[in-house]
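Here is the structure we will look at.
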Amino acid sequence: MVVIYCRTACTPGKEKDDALHAQEKECRAYAKTHGMEVTGVYYDPGVPGMSADRPGWHAMMQALKNASAPHGILIRDISRLARDFALSDEMETACNRLGHTITIVDTYCGRRAGRSF
């Protein structure tokens, strides 16, 4: 079972909607290819990559705390998680503490698709 996390710094409008839709679409395609069941999608529209103020992320983490089994978290690329190394590390650690893993589904930023941490 996996959830999808999508974030964009774009402000409300077509560009933001397109960016979120593209991220979700790529993550869903990855999940389908790998036989994963998507149990939820969480969005943080208009949230800069260096901000920890993320209502969608916090809602996802609360849901995962209450999950009866470990989940994977699919993100399109590492920049959708965070653009700050310390914040990214903090978010990864919080997921791992709960027994969940993050998987990058795209090779954006030179990362290997399917890399989990």
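The values are calculated or read from the model by the stated rules, or taken from the named source; none is laboratory data. Computed from a predicted structure; not experimentally measured. We place every Cβ from the backbone using ideal geometry, glycine too, and count neighbours over all the protein chains shown.
Details
- Selected residue (only one of 77, 44, 53 is over 17 Å from residue 103 (Cα atoms) and within 11 Å of the chain's Cα centre (by Cα)): 44
- Of residues in the range 1-25 being basic (Lys, Arg) and surrounded by fewer than 19 Cβ atoms within 10 Å (Cβ to Cβ), the one modelled with the highest pLDDT: 25
- Highlighted here are the helices (runs of 4 or more DSSP H) found entirely within the range 26-100 that include at least 1 residues which are loosely packed, with under 14 Cβ neighbours inside 10 Å: 55-65, 85-97.
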